[in-house]
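The values are calculated or read from the model by the stated rules, or taken from the named source; none is laboratory data. The structure displayed is predicted, hence computed values, not measured ones. Backbone-built Cβ (ideal geometry, glycine too); neighbour counts: all protein chains shown. Areas reflect the complete protein model, heavy atoms only, side chains present, ligands, DNA and RNA absent. Shrake-Rupley method; radii C 1.70, N 1.55, O 1.52, S 1.80 Å.
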Amino acid sequence: RDGLRVRPAMHSRLLPRLRRMPSAVRFICKKSGKGQIDGFSAEGTRLSFQRVAKATVLAGTAAGCILLGNFCNESRAEEEKKKNDGKPMMSTDEFMSEVMAETNGEDKDDEKDEFGNKMSKNNPGRYEQLGKEGKEILNLDITDGARLVIQSPLGQMTKEKNFFVSHTFFMGTSMFGQEKGGFYELQTVLQSGKFVMIGGMDSLWRLQGRCIKMVTDNCIGRLQFMLSPDPRFQDGLSTKLDYSGSDFSASLDFNLLPFQIQTSYLQKMTKNLSLGGSFSIMPMYKIAPLTFAGQYKDKGHTLAVNVQLVQSRFGGSAIYSRKVDKHFSLATELNMAMNKSASAFGVKYDFKNPSRAKYYATVDTDYNTSVTYSEELIPGFRVGYCATINHAKNETMFGMQLSSGGE
(Lines give C-alpha, C1' and ligand atoms only; values in the text may rest on other atoms or scores of the structure.)
Protein backbone atom coordinates (compact mmCIF):
# COMPACT_ATOMS: atom_id res chain seq x y z
CA ARG A 1 0.00 0.00 0.00
CA ASP A 2 2.91 2.35 0.77
CA GLY A 3 4.75 1.48 -2.42
CA LEU A 4 8.19 0.00 -3.12
CA ARG A 5 11.45 1.81 -2.45
CA VAL A 6 14.06 1.49 -5.22
CA ARG A 7 17.70 2.54 -5.03
CA PRO A 8 18.98 4.87 -7.78
CA ALA A 9 21.27 2.17 -9.11
CA MET A 10 18.33 -0.15 -9.77
CA HIS A 11 16.32 2.51 -11.64
CA SER A 12 17.61 1.68 -15.10
CA ARG A 13 17.11 -2.05 -14.64
CA LEU A 14 13.63 -2.04 -13.08
CA LEU A 15 11.96 0.60 -15.23
CA PRO A 16 11.82 -1.41 -18.52
CA ARG A 17 10.57 -4.49 -16.70
CA LEU A 18 7.82 -2.69 -14.81
CA ARG A 19 6.53 -0.94 -17.90
CA ARG A 20 6.21 -4.29 -19.68
CA MET A 21 3.96 -5.60 -16.87
CA PRO A 22 0.14 -5.69 -17.27
CA SER A 23 -1.76 -2.60 -16.19
CA ALA A 24 -3.37 -4.47 -13.27
CA VAL A 25 0.09 -5.34 -11.76
CA ARG A 26 1.73 -1.89 -11.67
CA PHE A 27 3.48 -0.38 -8.67
CA ILE A 28 4.39 3.09 -7.53
CA CYS A 29 7.84 3.66 -6.10
CA LYS A 30 8.49 6.28 -3.50
CA LYS A 31 11.22 8.76 -4.13
CA SER A 32 14.62 7.80 -2.74
CA GLY A 33 17.25 10.15 -4.10
CA LYS A 34 16.87 10.03 -7.88
CA GLY A 35 15.29 6.60 -7.90
CA GLN A 36 11.63 7.50 -8.61
CA ILE A 37 9.84 5.61 -11.34
CA ASP A 38 7.29 7.73 -13.18
CA GLY A 39 4.19 6.63 -15.13
CA PHE A 40 2.56 4.44 -12.50
CA SER A 41 -0.30 5.41 -10.18
CA ALA A 42 -1.19 3.88 -6.84
CA GLU A 43 -4.79 5.09 -7.25
CA GLY A 44 -5.07 3.36 -10.62
CA THR A 45 -3.56 0.24 -9.12
CA ARG A 46 -6.13 0.11 -6.32
CA LEU A 47 -9.02 0.70 -8.76
CA SER A 48 -7.75 -2.02 -11.08
CA PHE A 49 -7.46 -4.50 -8.24
CA GLN A 50 -10.94 -3.53 -6.98
CA ARG A 51 -12.47 -4.21 -10.38
CA VAL A 52 -10.67 -7.52 -10.69
CA ALA A 53 -11.81 -8.47 -7.19
CA LYS A 54 -15.42 -7.53 -7.91
CA ALA A 55 -15.41 -9.44 -11.18
CA THR A 56 -13.99 -12.45 -9.34
CA VAL A 57 -16.69 -12.22 -6.67
CA LEU A 58 -19.37 -11.91 -9.36
CA ALA A 59 -18.04 -14.92 -11.24
CA GLY A 60 -17.83 -16.90 -8.01
CA THR A 61 -21.40 -16.00 -7.12
CA ALA A 62 -22.64 -17.09 -10.53
CA ALA A 63 -20.69 -20.33 -10.32
CA GLY A 64 -22.07 -21.03 -6.84
CA CYS A 65 -25.62 -20.40 -8.08
CA ILE A 66 -25.09 -22.82 -10.97
CA LEU A 67 -23.78 -25.50 -8.63
CA LEU A 68 -26.76 -24.91 -6.33
CA GLY A 69 -29.07 -25.63 -9.26
CA ASN A 70 -27.90 -29.24 -9.42
CA PHE A 71 -28.67 -29.87 -5.74
CA CYS A 72 -31.44 -32.37 -4.97
CA ASN A 73 -32.59 -32.61 -8.61
CA GLU A 74 -32.82 -36.38 -8.49
CA SER A 75 -35.05 -36.56 -5.42
CA ARG A 76 -37.17 -33.71 -6.70
CA ALA A 77 -37.75 -35.45 -10.04
CA GLU A 78 -38.95 -38.58 -8.26
CA GLU A 79 -41.34 -36.52 -6.13
CA GLU A 80 -42.85 -34.88 -9.21
CA LYS A 81 -43.33 -38.22 -10.94
CA LYS A 82 -45.20 -39.61 -7.94
CA LYS A 83 -47.49 -36.61 -7.63
CA ASN A 84 -48.11 -35.87 -11.29
CA ASP A 85 -47.68 -39.25 -13.06
CA GLY A 86 -44.45 -38.11 -14.69
CA LYS A 87 -45.68 -34.59 -15.57
CA PRO A 88 -44.15 -31.57 -13.76
CA MET A 89 -46.46 -29.46 -11.65
CA MET A 90 -47.74 -26.21 -13.09
CA SER A 91 -46.76 -23.17 -11.06
CA THR A 92 -48.74 -19.94 -10.97
CA ASP A 93 -46.20 -18.17 -13.18
CA GLU A 94 -46.35 -20.92 -15.80
CA PHE A 95 -50.13 -20.92 -15.78
CA MET A 96 -50.28 -17.16 -16.36
CA SER A 97 -47.65 -17.41 -19.09
CA GLU A 98 -49.94 -19.80 -20.95
CA VAL A 99 -53.03 -17.65 -20.41
CA MET A 100 -51.38 -14.30 -21.20
CA ALA A 101 -48.20 -15.08 -23.15
CA GLU A 102 -47.62 -11.51 -24.22
CA THR A 103 -43.85 -11.62 -24.07
CA ASN A 104 -43.14 -15.33 -24.21
CA GLY A 105 -40.44 -16.14 -26.73
CA GLU A 106 -40.40 -19.94 -26.50
CA ASP A 107 -41.01 -22.00 -29.58
CA LYS A 108 -43.97 -23.88 -28.11
CA ASP A 109 -46.00 -20.63 -27.88
CA ASP A 110 -45.09 -19.19 -31.27
CA GLU A 111 -48.29 -20.52 -32.88
CA LYS A 112 -50.67 -19.69 -30.01
CA ASP A 113 -52.32 -16.51 -28.84
CA GLU A 114 -52.67 -15.34 -25.23
CA PHE A 115 -55.56 -17.72 -24.53
CA GLY A 116 -53.85 -20.80 -25.96
CA ASN A 117 -55.69 -20.77 -29.30
CA LYS A 118 -53.70 -22.02 -32.26
CA MET A 119 -52.79 -19.34 -34.78
CA SER A 120 -52.14 -19.73 -38.47
CA LYS A 121 -48.60 -20.85 -39.24
CA ASN A 122 -48.35 -17.94 -41.68
CA ASN A 123 -49.33 -15.35 -39.07
CA PRO A 124 -46.31 -13.13 -38.22
CA GLY A 125 -47.45 -12.40 -34.66
CA ARG A 126 -48.08 -9.04 -33.04
CA TYR A 127 -46.08 -6.02 -34.12
CA GLU A 128 -44.74 -5.23 -30.64
CA GLN A 129 -43.43 -8.81 -30.33
CA LEU A 130 -40.83 -8.37 -33.07
CA GLY A 131 -37.51 -9.61 -31.73
CA LYS A 132 -39.09 -11.03 -28.58
CA GLU A 133 -36.53 -13.88 -28.43
CA GLY A 134 -33.70 -11.39 -28.06
CA LYS A 135 -35.61 -9.11 -25.69
CA GLU A 136 -36.18 -12.02 -23.34
CA ILE A 137 -32.41 -12.49 -23.03
CA LEU A 138 -31.37 -8.83 -22.85
CA ASN A 139 -34.13 -7.39 -20.61
CA LEU A 140 -33.15 -8.88 -17.27
CA ASP A 141 -35.17 -8.59 -14.07
CA ILE A 142 -32.65 -6.89 -11.76
CA THR A 143 -33.32 -5.83 -8.17
CA ASP A 144 -31.21 -4.95 -5.15
CA GLY A 145 -31.61 -6.27 -1.67
CA ALA A 146 -34.39 -8.83 -1.39
CA ARG A 147 -37.76 -9.30 -3.06
CA LEU A 148 -40.44 -11.66 -1.81
CA VAL A 149 -43.38 -12.75 -4.00
CA ILE A 150 -46.21 -14.78 -2.46
CA GLN A 151 -48.87 -16.09 -4.84
CA SER A 152 -51.94 -17.74 -3.39
CA PRO A 153 -54.63 -19.35 -5.59
CA LEU A 154 -58.16 -18.99 -4.28
CA GLY A 155 -59.67 -22.31 -5.19
CA GLN A 156 -58.54 -24.97 -7.63
CA MET A 157 -56.76 -23.68 -10.74
CA THR A 158 -58.17 -24.93 -14.04
CA LYS A 159 -58.00 -23.87 -17.68
CA GLU A 160 -61.50 -22.38 -17.58
CA LYS A 161 -61.72 -20.42 -14.35
CA ASN A 162 -59.07 -19.18 -11.91
CA PHE A 163 -58.67 -16.54 -9.26
CA PHE A 164 -55.59 -15.83 -7.15
CA VAL A 165 -53.84 -13.03 -5.28
CA SER A 166 -50.19 -12.00 -5.25
CA HIS A 167 -48.21 -10.08 -2.59
CA THR A 168 -44.85 -8.54 -3.48
CA PHE A 169 -42.47 -7.07 -0.89
CA PHE A 170 -39.48 -4.97 -1.98
CA MET A 171 -36.62 -4.77 0.52
CA GLY A 172 -34.04 -2.85 -1.51
CA THR A 173 -32.87 0.76 -1.49
CA SER A 174 -33.76 1.23 -5.18
CA MET A 175 -37.47 0.83 -4.39
CA PHE A 176 -37.69 3.18 -1.41
CA GLY A 177 -38.75 6.80 -1.72
CA GLN A 178 -41.74 8.62 -3.16
CA GLU A 179 -40.25 8.67 -6.65
CA LYS A 180 -39.85 4.87 -6.70
CA GLY A 181 -42.39 2.06 -6.68
CA GLY A 182 -42.77 1.67 -2.93
CA PHE A 183 -42.06 -1.38 -0.82
CA TYR A 184 -45.31 -3.37 -1.26
CA GLU A 185 -47.62 -4.28 -4.12
CA LEU A 186 -50.90 -6.21 -4.10
CA GLN A 187 -52.19 -7.84 -7.29
CA THR A 188 -55.23 -9.98 -8.07
CA VAL A 189 -55.93 -11.96 -11.24
CA LEU A 190 -59.26 -13.36 -12.41
CA GLN A 191 -59.47 -15.57 -15.48
CA SER A 192 -62.76 -16.95 -16.74
CA GLY A 193 -62.75 -18.56 -20.17
CA LYS A 194 -61.65 -15.96 -22.72
CA PHE A 195 -61.67 -13.08 -20.22
CA VAL A 196 -58.84 -11.95 -17.92
CA MET A 197 -58.98 -9.13 -15.37
CA ILE A 198 -55.95 -7.91 -13.39
CA GLY A 199 -55.93 -5.32 -10.61
CA GLY A 200 -53.25 -4.04 -8.27
CA MET A 201 -52.25 -1.35 -5.77
CA ASP A 202 -48.87 -0.45 -4.27
CA SER A 203 -47.79 1.25 -1.04
CA LEU A 204 -48.00 4.67 -2.73
CA TRP A 205 -51.77 4.10 -3.25
CA ARG A 206 -51.41 3.89 -7.02
CA LEU A 207 -54.21 1.79 -8.49
CA GLN A 208 -53.70 -0.14 -11.73
CA GLY A 209 -56.02 -2.38 -13.70
CA ARG A 210 -56.15 -4.28 -16.97
CA CYS A 211 -58.83 -6.27 -18.79
CA ILE A 212 -58.27 -8.62 -21.72
CA LYS A 213 -61.21 -10.01 -23.66
CA MET A 214 -61.29 -12.24 -26.72
CA VAL A 215 -64.04 -10.57 -28.75
CA THR A 216 -63.91 -13.00 -31.68
CA ASP A 217 -61.66 -15.83 -32.76
CA ASN A 218 -59.34 -13.32 -34.45
CA CYS A 219 -59.82 -10.16 -32.36
CA ILE A 220 -58.65 -9.39 -28.80
CA GLY A 221 -59.61 -6.24 -26.89
CA ARG A 222 -57.61 -4.67 -24.07
CA LEU A 223 -58.38 -1.96 -21.53
CA GLN A 224 -55.80 -0.53 -19.11
CA PHE A 225 -55.87 2.30 -16.56
CA MET A 226 -53.82 3.80 -13.73
CA LEU A 227 -54.92 6.23 -11.00
CA SER A 228 -52.53 7.98 -8.62
CA PRO A 229 -53.25 10.43 -5.77
CA ASP A 230 -49.80 11.97 -6.24
CA PRO A 231 -49.88 14.75 -8.88
CA ARG A 232 -46.33 13.84 -9.91
CA PHE A 233 -47.67 10.64 -11.47
CA GLN A 234 -49.97 11.07 -14.42
CA ASP A 235 -53.21 9.09 -14.63
CA GLY A 236 -53.63 6.87 -17.65
CA LEU A 237 -56.43 5.24 -19.62
CA SER A 238 -55.97 3.31 -22.86
CA THR A 239 -57.79 0.77 -25.01
CA LYS A 240 -56.46 -1.44 -27.76
CA LEU A 241 -57.72 -3.87 -30.41
CA ASP A 242 -55.53 -6.61 -31.90
CA TYR A 243 -56.57 -8.49 -35.03
CA SER A 244 -54.82 -11.60 -36.35
CA GLY A 245 -55.45 -12.69 -39.92
CA SER A 246 -54.23 -15.65 -41.91
CA ASP A 247 -50.93 -13.97 -42.88
CA PHE A 248 -51.04 -10.55 -41.21
CA SER A 249 -51.73 -8.80 -37.91
CA ALA A 250 -53.00 -5.29 -37.17
CA SER A 251 -53.66 -3.20 -34.06
CA LEU A 252 -55.30 0.09 -33.11
CA ASP A 253 -54.43 1.78 -29.81
CA PHE A 254 -56.27 4.75 -28.23
CA ASN A 255 -54.57 6.40 -25.26
CA LEU A 256 -56.97 8.88 -23.66
CA LEU A 257 -54.76 10.10 -20.78
CA PRO A 258 -52.76 11.66 -22.37
CA PHE A 259 -54.41 11.57 -25.79
CA GLN A 260 -52.51 9.50 -28.30
CA ILE A 261 -53.39 7.28 -31.27
CA GLN A 262 -51.22 4.50 -32.63
CA THR A 263 -51.81 1.94 -35.37
CA SER A 264 -49.57 -0.86 -36.60
CA TYR A 265 -49.59 -3.48 -39.34
CA LEU A 266 -47.38 -6.52 -39.95
CA GLN A 267 -47.50 -8.67 -43.10
CA LYS A 268 -45.91 -12.09 -43.72
CA MET A 269 -44.12 -11.68 -47.06
CA THR A 270 -42.38 -15.06 -47.28
CA LYS A 271 -41.92 -18.08 -45.05
CA ASN A 272 -39.15 -16.33 -43.12
CA LEU A 273 -39.64 -12.60 -43.78
CA SER A 274 -42.23 -10.22 -42.27
CA LEU A 275 -42.53 -6.49 -42.98
CA GLY A 276 -44.68 -3.81 -41.41
CA GLY A 277 -44.84 -0.42 -39.76
CA SER A 278 -46.59 1.79 -37.24
CA PHE A 279 -47.83 5.37 -37.12
CA SER A 280 -48.52 7.46 -34.01
CA ILE A 281 -50.10 10.85 -33.34
CA MET A 282 -49.03 12.60 -30.11
CA PRO A 283 -50.68 16.04 -29.84
CA MET A 284 -49.23 16.61 -26.38
CA TYR A 285 -45.67 16.48 -27.75
CA LYS A 286 -46.62 17.81 -31.23
CA ILE A 287 -44.99 14.89 -33.02
CA ALA A 288 -46.16 12.05 -35.26
CA PRO A 289 -43.55 9.25 -35.32
CA LEU A 290 -43.48 6.89 -38.31
CA THR A 291 -41.77 3.52 -37.97
CA PHE A 292 -40.88 0.81 -40.50
CA ALA A 293 -39.96 -2.64 -39.24
CA GLY A 294 -39.03 -6.08 -40.50
CA GLN A 295 -38.14 -9.47 -39.10
CA TYR A 296 -36.28 -12.44 -40.58
CA LYS A 297 -36.60 -15.77 -38.77
CA ASP A 298 -35.12 -19.10 -39.84
CA LYS A 299 -33.92 -22.20 -37.93
CA GLY A 300 -33.08 -20.58 -34.61
CA HIS A 301 -31.91 -17.27 -36.13
CA THR A 302 -34.05 -14.15 -35.61
CA LEU A 303 -33.22 -10.64 -36.84
CA ALA A 304 -35.58 -7.70 -36.21
CA VAL A 305 -34.88 -4.20 -37.54
CA ASN A 306 -36.88 -0.98 -37.24
CA VAL A 307 -36.27 2.54 -38.53
CA GLN A 308 -38.12 5.51 -36.99
CA LEU A 309 -38.70 8.96 -38.43
CA VAL A 310 -39.49 11.75 -35.94
CA GLN A 311 -39.49 15.40 -37.02
CA SER A 312 -37.17 14.77 -39.99
CA ARG A 313 -34.74 12.85 -37.80
CA PHE A 314 -33.97 9.18 -38.15
CA GLY A 315 -33.35 6.62 -35.46
CA GLY A 316 -33.50 2.88 -35.33
CA SER A 317 -32.58 -0.37 -33.68
CA ALA A 318 -31.64 -3.90 -34.59
CA ILE A 319 -31.80 -7.03 -32.43
CA TYR A 320 -30.43 -10.44 -33.35
CA SER A 321 -30.84 -13.70 -31.46
CA ARG A 322 -29.65 -17.22 -32.10
CA LYS A 323 -30.71 -20.44 -30.46
CA VAL A 324 -27.53 -22.52 -30.58
CA ASP A 325 -29.16 -25.61 -29.08
CA LYS A 326 -31.97 -26.48 -26.70
CA HIS A 327 -29.94 -25.10 -23.77
CA PHE A 328 -27.85 -22.20 -25.08
CA SER A 329 -29.03 -18.94 -26.72
CA LEU A 330 -27.32 -15.67 -27.71
CA ALA A 331 -28.65 -12.16 -28.38
CA THR A 332 -27.27 -8.75 -29.29
CA GLU A 333 -28.92 -5.37 -29.78
CA LEU A 334 -27.95 -2.02 -31.32
CA ASN A 335 -29.92 1.19 -30.62
CA MET A 336 -29.26 4.38 -32.57
CA ALA A 337 -31.23 7.28 -31.08
CA MET A 338 -31.18 10.93 -32.09
CA ASN A 339 -28.28 11.84 -29.83
CA LYS A 340 -26.98 8.55 -28.46
CA SER A 341 -26.08 5.06 -29.61
CA ALA A 342 -25.82 1.98 -27.43
CA SER A 343 -25.45 -1.75 -27.81
CA ALA A 344 -25.70 -4.85 -25.61
CA PHE A 345 -24.83 -8.53 -25.73
CA GLY A 346 -26.45 -11.33 -23.72
CA VAL A 347 -26.46 -15.07 -23.23
CA LYS A 348 -29.04 -17.49 -21.86
CA TYR A 349 -28.58 -21.03 -20.64
CA ASP A 350 -31.62 -23.16 -19.88
CA PHE A 351 -30.55 -26.24 -17.93
CA LYS A 352 -33.74 -28.16 -18.85
CA ASN A 353 -33.50 -30.00 -15.54
CA PRO A 354 -36.28 -30.83 -13.05
CA SER A 355 -35.60 -27.58 -11.15
CA ARG A 356 -36.12 -25.53 -14.35
CA ALA A 357 -32.92 -23.56 -13.71
CA LYS A 358 -32.08 -20.64 -16.03
CA TYR A 359 -29.00 -18.42 -16.27
CA TYR A 360 -28.76 -15.01 -18.00
CA ALA A 361 -25.82 -12.64 -18.46
CA THR A 362 -25.52 -9.31 -20.32
CA VAL A 363 -22.93 -6.61 -20.99
CA ASP A 364 -23.55 -3.22 -22.62
CA THR A 365 -21.70 -0.15 -23.81
CA ASP A 366 -22.68 1.78 -20.68
CA TYR A 367 -20.14 -0.38 -18.81
CA ASN A 368 -22.79 -2.52 -17.09
CA THR A 369 -22.36 -6.24 -16.46
CA SER A 370 -25.43 -8.13 -15.18
CA VAL A 371 -26.18 -11.74 -14.36
CA THR A 372 -29.28 -13.57 -13.09
CA TYR A 373 -29.87 -17.15 -12.03
CA SER A 374 -33.13 -18.77 -10.93
CA GLU A 375 -34.32 -22.26 -10.13
CA GLU A 376 -37.25 -24.05 -8.52
CA LEU A 377 -36.05 -25.69 -5.32
CA ILE A 378 -39.31 -27.52 -4.62
CA PRO A 379 -42.66 -27.45 -6.47
CA GLY A 380 -44.19 -24.01 -5.99
CA PHE A 381 -41.05 -22.41 -4.52
CA ARG A 382 -38.56 -20.57 -6.76
CA VAL A 383 -35.40 -18.67 -5.82
CA GLY A 384 -33.42 -16.23 -7.93
CA TYR A 385 -30.16 -14.30 -7.64
CA CYS A 386 -28.96 -11.25 -9.57
CA ALA A 387 -25.97 -8.92 -9.62
CA THR A 388 -24.91 -5.83 -11.58
CA ILE A 389 -21.60 -3.98 -11.80
CA ASN A 390 -21.39 -0.47 -13.25
CA HIS A 391 -17.71 -0.12 -14.10
CA ALA A 392 -17.99 3.57 -15.03
CA LYS A 393 -19.46 4.61 -11.65
CA ASN A 394 -17.68 1.85 -9.71
CA GLU A 395 -21.02 0.67 -8.25
CA THR A 396 -22.15 -2.86 -7.43
CA MET A 397 -25.66 -4.16 -6.76
CA PHE A 398 -26.75 -7.60 -5.57
CA GLY A 399 -30.26 -8.97 -5.14
CA MET A 400 -32.25 -12.08 -4.28
CA GLN A 401 -35.84 -13.04 -5.00
CA LEU A 402 -38.05 -15.69 -3.43
CA SER A 403 -41.33 -16.71 -5.07
CA SER A 404 -43.84 -19.09 -3.58
CA GLY A 405 -47.31 -20.24 -4.53
CA GLY A 406 -49.02 -22.30 -7.16
CA GLU A 407 -50.25 -25.85 -6.80
Working with all protein chains in place, sort Val215, Val383 by solvent-accessible area computed with a 1.4 Å probe, largest first.
-> Val215, Val383
Output ordering of 373-382, 153-162, 237-246 (per-residue mean of other Cβ within 10 Å, highest first) is 373-382, 237-246, 153-162
For the pair Phe233 and Phe328, the simple spin-label estimate (label points 7 Å beyond Cα toward Cβ) gives in nm 4.4 nm
Cα-based Rg / Dmax (Å) for segment 212-287 | 15.5, 50
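Kindly rank 229-235, 291-297, 322-328 from highest to lowest mean number of other beta carbons found within 10 Å of each residue.
Details: 229-235: 10.6, 291-297: 19.1, 322-328: 13.0.
Order by mean packing, descending: 291-297, 322-328, 229-235.
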Accessible area per residue of segment 283-390 at 1.4 Å probe, in Å²?
-> 54 Å²
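In debye, nearest 20: dipole of segment 274-401 around its Cα centre with unit charges on the Cβ of K, R (+) and D, E (-)? Each step should come with its number before you reach the end.
Numbers: 14 positive and 9 negative charges, 55 e Å.
Around 260 debye, computed over segment 274-401.
Expressed as a rounded percentage, what relative contact order does segment 246-310 have, with Cα pairs under 8 Å and six or more residues apart?
Details: 127 pairs, mean separation 14.6, N = 65.
It comes to 22 percent, rounded to a whole number.
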Highest mean packing first, using Cβ neighbours within 10 angstrom, the peptides 276-282, 391-397 sort as 276-282, 391-397
If you find the alpha carbon centre of segment 285-347 and of segment 350-365, how far apart are they in angstrom?
-> 22 Å
Here the Cα Rg-to-2.2 N^0.38 Å ratio for segment 138-238 is 1.25
